[in-house]
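Notes follow the structure.
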Amino acid sequence: MNIKTILAFAVGPIATAGLGLLTVPAIAWIFPPADVGRLNIVQIAVSFGVLLFNLGLDRAYVREYHEWSDRGALLKACFAPGFALMLLVMLVTLPFDQLIATWLFGLGHVVYYWILVACVIVSFISRFLSLILRMQDRGLAFSMSQILPKIILLLAVAALALPVFSRSFGQLELAYLASLLSVLFVYSLNTWREWSPALRASVSRPQVRSLLGYGVPLIFAGVAFWGLDATSTLTLRSLSTLPELAVYSVSMSFAGVGVVFQTIFTVLWAPLVYKWVARGVDMRRVDHIAQQALAVVCAIWVVSGIFSWLADFVLPARYVQVKYLMLCCIGEPLLYTLSEVTCVGIGITRRSMLSLWSTIAALVANVAISVWLVPGYGAAGAVVANAIAFLVFFVARTEASAYVWRPFPRARLYVFVTAAVGLSIATLVLGPHSPVHYSLVWLALLPVVAWVFRTEWGAMYRSLHASIQSTRWYPEPEP
């Protein structure tokens, strides 16, 4: 994969993170904390719907893309089962819409539930269309589709700040739906040459059964991962207050630099590694990539610790905790990204049940610690539970991959990520009371990270330089 492709895929996450630094404070200033918490519930519910109803077939599409000759048939075989199940479930919930709305939002307006249903359907379709761009290395189109919804949401929130609007949760939820519809529109235009043949493609039952055989274990793994990701939200909703949920939601949003790294890396990594497998490439190169990813993870964590205090300048005073909470929050995307490298053996060997057990182990840890800490400490307890749970998730996936694939060096990985999680929790607990500003401690670690990973930085620099040198930025005209 050349540097132009990497940069094209990187534009979207970087721009999205930048827009998020505008959108999240705007929502925090304009809407009350209770509505900010409810929006977090909408986002969690949408992610659950997409994870549940795709039946693991989004992962099957990525895994089998280079193996199938008829990719229209592959798209149809992966999309149709989950879409049919989703529509069936929507009909079943029809008599209970008011009850569900009250349980989720604390408000009995059924329209809030059906807006949520529309968000789930739109996001489900967009998920599969995005895979087409991802697998075709159409990075710029993929990135533009990520940027547009953030722009739409920001403009909608800015419009809702006008005195003519009452600034209700329903308006905020509609703004979120509008942002999702915009990305579906763009995906549909960019991929119509691929999805239109899929409508006419014929798919056999054995083909669907084969895909489900790979994807079904991932259904449970996906739902378990959603539970791992959503435990903090659910425990805050049930054991704490909506304002505490709002503080947690904003803290997670300010961990955006970790999400940028996660998004760029995971979009590029899965198609690349399966392409290597299909071509018989020596997979020992994964060991070196894992160490390089560890270097980047540590650097992002340290830099976030140095500059997290800047959150005070863009958020209302009631979110003063965010600068301490976000260092635990950033562990989630960073540890997940690092585990995507170290768990590659699970995907290569198709032992997807191990992903399920790894996620369940982390989920149990998250639920246990959240139930223990959230009632007394609110958002602070939730982020500590989340950080520890994702550390368990990383270790479990890494050990499972080493067991079913091949052993590889892991001690260095464990030492550094455990130290990062421990220091993040120490910052949360001791930061407000320490005589030395916590950012100075993180600043002292910057040269340590630079020195310890000097070999990895050198290797990444040489790879980047060679990639730039070998890239033709302007194609030569054909003879």
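Does Phe124 fit the bill of being surrounded by 18 or more Cβ atoms within 10 Å (Cβ to Cβ) and touching a Lys or Arg at 6+ places or on another chain (Cβ under 8 Å)? Even if it seems obvious, please write down each step before you answer.
Details: surrounded by 18 or more Cβ atoms within 10 Å (Cβ to Cβ): yes; touching a Lys or Arg at 6+ places or on another chain (Cβ under 8 Å): no.
Considered against the rule, which asks whether it is surrounded by 18 or more Cβ atoms within 10 Å (Cβ to Cβ) and touching a Lys or Arg at 6+ places or on another chain (Cβ under 8 Å), Phe124 comes out as no.
Residue by residue through segment 65-97, note down the ones that are closer than 18 Å to Pro197 by Cβ and either modelled with pLDDT of 80 or more or open to solvent by less than 30 Å² (accessible area, probe 1.4 Å) (or both).
Tyr65, Gly72, Ala73, Leu74, Leu75, Lys76, Ala77, Cys78, Phe79, Ala80, Phe83
(1) open to solvent by 30 Å² or more (accessible area, probe 1.4 Å); (2) of a type outside the set (Gly, Ala, Ser); (3) within 28 Å of Ala34 (Cβ to Cβ): which one isn't true of Ile115, the others all being true?
(1) is the only condition that Ile115 fails.
Is segment 108-121 home to any residue that is under 19 Å from the mean Cα position of the chain (by Cα), under 30 Å from Ser202 (Cβ atoms) and at pLDDT 85 or above? Spell out how you get there, then give the answer.
Applying the first criterion (under 19 Å from the mean Cα position of the chain (by Cα)) to segment 108-121 yields 119-121.
Now restrict to residues that are under 30 Å from Ser202 (Cβ atoms): 120-121.
Checking which are at pLDDT 85 or above leaves us with 120-121.
Scanning segment 108-121 turns up at least one residue that is under 19 Å from the mean Cα position of the chain (by Cα), under 30 Å from Ser202 (Cβ atoms) and at pLDDT 85 or above.
So which helices (runs of 4 or more DSSP H) are wholly in segment 325-437 and hold at least 1 residues that are aromatic (Phe, Trp, Tyr) and touching a residue at least 40 places away in the same chain (Cβ under 8 Å)? Break it down stepwise before answering.
Numbers: elements: 331-342, 344-348, 353-377, 379-404, 411-430.
Ranges flagged: 331-342, 353-377, 379-404, 411-430.
Within segment 456-474, restricting attention to residues that are in contact with a helix residue (DSSP H, G or I) (Cβ under 8 Å, 6 or more places away or on another chain) and farther than 15 Å from Val302 by Cβ, which residue is modelled with the lowest pLDDT? If you could, list the steps in order and put the result at the bottom.
Residues of segment 456-474 that are in contact with a helix residue (DSSP H, G or I) (Cβ under 8 Å, 6 or more places away or on another chain), as a first pass: 456-457, 459-460, 464, 467-468, 471, 473.
Then keep just the ones that are farther than 15 Å from Val302 by Cβ; that gives 459-460, 464, 467-468, 471, 473.
Values: Ala459: 86, Met460: 83, Leu464: 73, Ser467: 65, Ile468: 65, Thr471: 53, Trp473: 42.
Filtering segment 456-474 for residues that are in contact with a helix residue (DSSP H, G or I) (Cβ under 8 Å, 6 or more places away or on another chain) and farther than 15 Å from Val302 by Cβ, the one modelled with the lowest pLDDT comes out as Trp473.
Can you tell me how many residues in segment 131-142 are over 23 Å from Phe79 (Cβ atoms) and open to solvent by less than 20 Å² (accessible area, probe 1.4 Å)? Break it down stepwise before answering.
Residues of segment 131-142 over 23 Å from Phe79 (Cβ atoms): 140.
Pick out the ones that are also open to solvent by less than 20 Å² (accessible area, probe 1.4 Å) and you get none.
Going through segment 131-142 one residue at a time, the tally reaches 0.
Select, from Leu160, Leu129, Leu155, the only residue that is closer than 30 Å to Leu272 by Cβ and of a type in the set (A, V, I, L, M). Spell out how you get there, then give the answer.
Values: Leu160 fails: closer than 30 Å to Leu272 by Cβ; Leu155 fails: closer than 30 Å to Leu272 by Cβ.
Answer to the check: Leu129.
Out of (1) under 18 Å from the mean Cα position of the chain (by Cα); (2) closer than 24 Å to Trp68 by Cβ, the odd one out for Pro149 is which?
Pro149 satisfies every listed condition except (2).
The values are calculated or read from the model by the stated rules, or taken from the named source; none is laboratory data. Fair warning: this is a prediction, and the values are worked out from it, not measured in the lab. Here the Cβ is made from the backbone with ideal geometry for all residues, glycine too, and neighbour counts use every protein chain on show. What goes into the accessible areas is simple: the full protein's heavy atoms, side chains included, and nothing from ligands, DNA or RNA. Shrake-Rupley method; radii C 1.70, N 1.55, O 1.52, S 1.80 Å.
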